[in-house]
1. For segment 46-93, with equal point scatterers placed on the C-alpha atoms only and solvent neglected, what are the log10 I(q)/I(0) values from the Debye formula at q = 0.16, 0.24, 0.29 1/Å, to two decimals?
2. Within segment 87-120, report the GluC sites (Glu not before Pro) that DSSP leaves as loop and that have at most 15 other Cβ atoms within 10 Å.
3. Taking the Cβ of Cys65 as the centre, find all other residues whose Cβ is under 9 Å away and add up their charges (Lys, Arg: +1; Asp, Glu: -1).
4. So what is the accessible area of segment 44-101 per residue, in Å², with the probe set to 1.4 Å?
5. How far apart, in nm, are two points set 7 Å out from the Cα along the Cα-to-Cβ line at Asn45 and at Met153?
6. For Ser70 and Val169, calculate 0.36 nm times their separation in residues minus their Cα-Cα distance, and state this gained length in nm to one decimal.
7. From Cα pairs below 8 angstrom and at least 6 apart in sequence, can you work out the relative contact order of segment 51-125, rounded to a whole percent?
8. Straight-line reach from Lys19: which aspartates and glutamates have a Cα under 14 Å away, not including same-chain ones fewer than 8 places off?
Amino acid sequence: MILIKFLLLFVTLLPTDEKWYRIDTQEEISFLFPNTSQKLTKMVNGIPSAIYQTKDLTCVAGVVCTDFSSKNIPFTPENAQFLYDELKNGSLELETARLKEEKTIPHDSMFIKEIEYTIIKDKYEMTYFKRFIFRGNYIYQLSIGGRTRHLDMIREEKEIFFNSVSFSVSSKSENKVTE
């Protein structure tokens, strides 16, 4: 009986070919998650954000969609860079946070940056990948991460997740930001 329990426990920890789920949002973005998602909404200083989050055995993933259309702030390369710097610093504000890599993702009509960083959480080193996308009146923050010891699996899921992103066309997204 103990052997059966051990085998069942072991089988649940093995990677599976679980189906990824397409999340189509009202915030003009669509993406794949490795599991069903939970949606939360927040309002900060009159700026609404929708937060989509999920986790599986290895990773946690999230998308924050912040809609600046009510503030009438056109994103230019200059203010997008400033806002990106603020958001990046907010991601790295924990004392244990260490920036590993930062890069610009080339795109014709969007300002896109990506960071890789580590933190210590509950005595474990965690690695996160975060992509910041400025499009129209939205700032999208996509993140995925988990324990660094699972870095190969995190990278595999990151590629699926980040490469699955697509956007819908609306009149609110006519404003282009390029670098």
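1. Each listed q maps to, in turn, -0.63, -1.05, -1.12.
2. Values: sites: Glu93, Glu95, Glu101, Glu102, Glu114, Glu116; in loops: Glu93, Glu95.
When the GluC sites (Glu not before Pro) of segment 87-120 are filtered for loop state and at most 15 Cβ neighbours within 10 Å, Glu93, Glu95 remain.
3. On the way: positive: none; negative: Glu27, Glu28, Asp67.
Once all neighbours under 9 Å are counted, the net charge is -3.
4. Numbers: 3310 Å² over 58 residues.
Value for segment 44-101: 57 Å² per residue.
5. Going by the 7 Å Cα→Cβ label model, 3.9 nm.
6. Values: separation 99, 0.36 × 99 = 35.64 nm, distance 1.86 nm.
Here the segment from Ser70 to Val169 would lengthen by 33.8 nm.
7. 19 percent.
8. Asp56, Glu157
The values are calculated or read from the model by the stated rules, or taken from the named source; none is laboratory data. On a predicted model such as this, the values are computed, not experimentally measured, just so you know. A quick note on method: Cβ atoms are made from the backbone with ideal geometry, for glycine too, and the neighbour counts reach across all protein chains shown. Ligands, DNA and RNA are excluded from the accessible area calculation, which covers all protein heavy atoms including side chains. Shrake-Rupley method; radii C 1.70, N 1.55, O 1.52, S 1.80 Å.
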